[in-house]
1. Working carefully through the options 181, 192, find the one that is within 23 Å of residue 75 (Cβ to Cβ) and not assigned by TED's automatic domain parsing to the domain that holds residue 25.
2. Looking for something buried (at least 23 other Cβ atoms within 10 Å of the Cβ), modelled with pLDDT of 95 or more and part of a strand (DSSP E or B) - is there at least one such residue anywhere in the range 276-283?
3. Search the range 172-191 for residues being charged (D, E, K, R) and more than 20 Å from the chain's Cα centre (by Cα), and hand back the single one that is farthest from residue 80 (Cα to Cα).
4. Which members of the range 280-314 meet the condition of being closer than 26 Å to residue 56 by Cβ and charged (D, E, K, R)?
5. Please determine whether any residue of the range 250-265 is farther than 25 Å from residue 184 by Cα and not charged (D, E, K, R).
6. Among the candidates 63, 57, which residue alone is within 27 Å of residue 347 (Cα to Cα), surrounded by fewer than 17 Cβ atoms within 10 Å (Cβ to Cβ), touching a strand residue (DSSP E or B) at 6+ places or on another chain (Cβ under 8 Å) and outside the structural domain of residue 345 (by TED's automatic domain parsing)?
7. Please find, within the range 209-242, the residue that is farthest from the chain's Cα centre (by Cα) out of those that are part of a helix (DSSP H, G or I) and crowded, with 24+ Cβ neighbours inside 10 Å.
8. List the strands (runs of 3 or more DSSP E) that sit entirely inside the range 285-352 and contain at least 2 residues that are under 17 Å from the mean Cα position of the chain (by Cα) and at pLDDT 95 or above.
Amino acid sequence: MTAAVRQAATLLLADGTRFDGDGLNATGIALGEAVFYTGMTGYEEAITDPSYAGQILAFTYPLIGNYGVSGTVSQHPHACVAGAAMKHIAEHPSHYASKQDLASWLDEQGVRTIVGIDTRALTIALREHGTIPAALAVGEAAIAGIEPALARYVREATTQGLVASVADAYRPGEVVGTGRKHVVLLDCGVKKNIIRDLTALDTHVTVLSYGANAAEILAAKPDAVVISPGPGDPRDLPGTVETLRALIGKTPLFGVCLGHQLLALACGGETYKLPYGHRGGNQPVKDLVHDEVLVTAHNHGYAVDGDTLPADLEATMVNLNDGTNEGFRHRTLPIEAVQFHPEASPGPFDARNLFARWLERVD
């Protein structure tokens, strides 16, 4: 055990697989879906990504925290993951922007964390069996109660409430930027870098809650509306789907990740849960419109069923690993959506120009 870890910890998967390791100072039980992240860097962005709400995030790279935590790349005011698992955690980070070591920050954020487990074996289990419900217990008292806690979670698990738990980074009605075009952003758990990218494109952004209705959105007089990423099942937000349906034909729309799924539902398509989900920064996507391949950042467990897209929508993107739909556009209206993250953070910037292309078409 390193100086950064202090007590016993256990990660228990619903199939009975158990990993024993060392825990940090935040004691208790974290419950969620066990998923993995493949990036060598970007742990601060991933831990603060609202789309990871309700999930226990395992890092496949064996050493996490070597450049510390800066606070400048965080995507949300607080950590969003339910828990974290890693092989090694760096005690002494080395980077000019580092303000704190990762272990201390995780303790401050109250993130239950297990260190010292075989994360590659965990990743193989998740790749073979798909996303698995899990419990992460830190401290002897928590470990003693891990099995009944996990059994209860498996019986009662729901994604409802996840969006509400992270759609709080901005005050409803808050305006960011001073650019010419006015974009209303529906906050389903928005990442800061989406707003940074939009305001860099000569826009000012008004942030409204995912619960805003069509009249409230149109009263803001937007030039366009962006629907943000977020966690969970898009079918948990029927009110947002109805709002988007009411906006079709009245304002340009652009959906990202969860926003992509919500727009598909609003237009008459269907969504489903993926067996594994798409996560990490190396997902290859074919742009069918421009005949090019993009390496993209993903973080989602649900997808749009491309076979259910109505006739007035056309597929624009496809995942080259499994053939799932990665984007669509309306044939006559200024409506577009992508399943991946053009803003990255973390991840490659291959798709960063998608916001610019869409805004060029917005009068």
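The values are calculated or read from the model by the stated rules, or taken from the named source; none is laboratory data. From a predicted model like this one, the values you see are computed outputs, not experimental measurements. For neighbour counting, all protein chains shown are included, and Cβ atoms are generated from backbone atoms with ideal geometry for every residue, glycine included.
1. Numbers: 181 fails: within 23 Å of residue 75 (Cβ to Cβ).
It is 192.
2. No, every residue in the range 276-283 fails to be buried (at least 23 other Cβ atoms within 10 Å of the Cβ), modelled with pLDDT of 95 or more and part of a strand (DSSP E or B).
3. Narrowing the range 172-191 to residues charged (D, E, K, R): 174, 180-181, 187, 191.
Those left that are additionally more than 20 Å from the chain's Cα centre (by Cα): 174, 180-181.
Values: 174: 21, 180: 33, 181: 31 Å.
Checked the range 172-191; the qualifying residue farthest from residue 80 (Cα to Cα) is 180.
4. Hits for the range 280-314: nothing passes.
5. Here is the first cut: in the range 250-265, the ones farther than 25 Å from residue 184 by Cα are none.
No, the range 250-265 contains no residue that is farther than 25 Å from residue 184 by Cα and not charged (D, E, K, R).
6. Details: 57 fails: surrounded by fewer than 17 Cβ atoms within 10 Å (Cβ to Cβ).
Going through 63, 57 in turn, just one is within 27 Å of residue 347 (Cα to Cα), surrounded by fewer than 17 Cβ atoms within 10 Å (Cβ to Cβ), touching a strand residue (DSSP E or B) at 6+ places or on another chain (Cβ under 8 Å) and outside the structural domain of residue 345 (by TED's automatic domain parsing): 63.
7. Applying the first criterion (part of a helix (DSSP H, G or I)) to the range 209-242 yields 214-219, 234-236, 238-242.
Those left that are additionally crowded, with 24+ Cβ neighbours inside 10 Å: 234, 240.
On the way: 234: 13, 240: 18 Å.
Out of the qualifying residues, it is 240.
8. On the way: elements: 292-304, 313-319, 325-330, 335-338.
Of the strands (runs of 3 or more DSSP E) lying wholly inside the range 285-352, those with at least 2 residues that are under 17 Å from the mean Cα position of the chain (by Cα) and at pLDDT 95 or above span 292-304, 325-330, 335-338.
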